[in-house]
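To keep things clear, I will list the structure first and then write my remarks on it.
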Amino acid sequence: MPPDETATSWLRKLVERGLASRYGKKVGSETTFPGGLPSAASRCQKSSLTLLFPPAENNSDPNFALMRGDSAFRCTTVPANVRTQIEHELALIAELRYEPYFLTVHDIVAYARSQKILCQGRGSAANSAVCYALRITEVDPAQSQMLFERFISKERNEPPDIDVDFEHQRREEVMQYVYDKYGRDRAALAATLITYRPKSAVRDVGRAFGLDLAQLDRLAGAFAWWDGRAIHPQRIREAGFDPDNPVYVMFGVGATGSIRVAPGWFVEATAVTSLYDTFNLIKRQSNSVLPHVRSDIANYLKKENIGLENVATTYFFKLAPEIFGRVSGGYLEQMFAGVGGELLYRPLGKRWAIGVDLWTVRQRGYDVLLDLRHYQALTGHLTAYYEVPWHDVRVAVSAGQYLAGDKGVTFQFSRRFSTGVEVGAWFTLTNVSAARFGEGSFDKGIRIVIPFEWVAPFATRSGYDLSLRSIQRDGGQRLNGDTMLYGLTDSSSYGALTQEWNAVFR
């Protein structure tokens, strides 16, 4: 620092010089103030940049001389928002007496750049317009909204932390410069050592298996550094995982029957019995704060030795040539019984359709027979369907109320191949926060439909419908089979008709 300058005045001059090089007007191929601080007369003659030298005695601020020095100057081509930020930062830096720190970092960075050593400031210092003016960082405050208090805060009363990365091949040169200029008794080296312990291993393995961040955080949080390499199964269970029994199996038989009582009126039932299963080994209990509309599945699996998956009656009808409907009642699925219905408007040969469904249901007993529990729900959705003009892709967007009482939107995407196999994915966003939803943050998964016609000795439109989730919670849950008319009316869709035309005119 020059002998006739204070730390405050010299930092101000370096900042103004940096602002001039960042925002100053160019004359020919030169930028205002190229290299160093020329005299005021030459600066004014060399460029259209106006330099102001307001006399200290005419300024009412008692800290004016301290803040700017006797020969203060100011770059007037700086954007207004940057100027406001610069003045705010310099005032706080002067108040907290941090100028020597900024001058030291600037000196080290200036040396590295003079030797063409690659370097870059990062971290919270990127929120500082002063660091940008000093060329420590490269985040333009004119193009971003910065929060300087993340870097320096008077209330926090902590010194600033400027992280600068130097290219590792020449980092030693910078270190020797610091030793030579500031003395070895004023410099120190710090090192960070990372040991690969169970927490790090769990995170890496979890990523490889596709666990989302919320699951990884819960699982890694079960480990502590003082455990060493020990793994405590109880802590893993408390995090929602069962290390002893990650997979459960069941072997059983089932039967499905359907009777046509009258035109459009059907009664159907599905019964299953377990011959062997390991469900009694499930120890995990639901920790959901929402109504347990799905997370109590373990209780159903344990007690359903012989169960009626569904016993229901359905009546199909048409309100108009292009408006289809149905009403159903009974034990609708494994976990819910009730009544409701669905309407679908599907114009012949069009790519789009609109459907609406509404159901009032009550939770079934864990034995999946005829008992009912106390929980009741009203659920229903308005759904828009669309067949994308390419690759047989379909999109469905449903908005409404779900089984746990949460409200939101479900987005579904699927593609049907010429073999009849359909592959898709979905995700649901509701008014339940990620914290209340629990592990997984929101409902999502993939869906695969495989037609039975591949293996059946007769023609059938039935298929195996498989939904895969990383975990099933209670938020964003719908009634199984709440919408089926869209699939039943596929023959009137745009895609089905064009496929028939292609077959005829092949």
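Once neighbouring chains are kept in place and the probe is 1.4 Å, which whole percent of the accessible area of segment 90-174 is contributed by carbon and sulfur? If you can, show how the numbers build up before the last one.
On the way: 2120 of 4480 Å².
That share works out to 47 percent.
Where only protein heavy atoms count, and the probe is 1.4 Å, what is the accessible area per residue for segment 246-322 in Å²?
Using a 1.4 Å probe on heavy atoms only, each residue of segment 246-322 averages 63 Å².
Given a Förster distance of 35 Å, report the FRET efficiency between Arg351 and Val311 from their Cβ-Cβ distance, rounded to the nearest 0.05.
Numbers: r = 37 Å, r/R0 = 1.06.
The computed FRET efficiency comes out at 0.40.
Past the 32 Å Cα-Cα mark, which pairs from Lys303/Lys444; Lys350/Lys407; Lys199/Lys407? Could you put the intermediate results ahead of the total?
On the way: Lys303/Lys444 27 Å; Lys350/Lys407 30 Å; Lys199/Lys407 36 Å.
In this structure, Lys199/Lys407 exceed 32 Å between Cα atoms.
At what distance in nm do the modelled label points of Arg97 and Asn81 sit from each other, each positioned 7 Å from its Cα along Cα→Cβ?
Between Arg97 and Asn81, the simple spin-label model gives 3.5 nm.
Send over a whole-number figure in Å² for the accessible area per residue of segment 97-202, probe 1.4 Å. Before the final figure, lay out each step's value.
Working: 6650 Å² over 106 residues.
With all protein chains present, segment 97-202 gives 63 Å² per residue.
For segment 333-443, what is the accessible area per residue in Å² when the probe is 1.4 Å?
Per residue, segment 333-443 has 47 Å² of solvent-accessible surface.
Just read off the accessible area of Val289 with the full protein assembly in place, 1.4 Å probe, to the nearest 10 Å².
For Val289, solvent-accessible area is about 100 Å².
Decide, for segment 317-423, between rounded, prolate and oblate: order the square roots of the alpha carbon gyration tensor eigenvalues as a ≥ b ≥ c, take rounded if a/c falls under 1.5, and otherwise choose prolate if a/b is larger than b/c, else oblate.
Values: a/c = 2.09, a/b = 1.78, b/c = 1.17.
The shape class here is prolate.
The values are calculated or read from the model by the stated rules, or taken from the named source; none is laboratory data. This one's a predicted model, so the numbers in the text were calculated from it and none came from an experiment. So basically every Cβ, Gly included, is an ideal-geometry build from the backbone, and we count neighbours across all protein chains shown. Just so you know, the surface numbers come from the protein's heavy atoms only, side chains and all, with ligands and any DNA or RNA stripped out. Shrake-Rupley method; radii C 1.70, N 1.55, O 1.52, S 1.80 Å.
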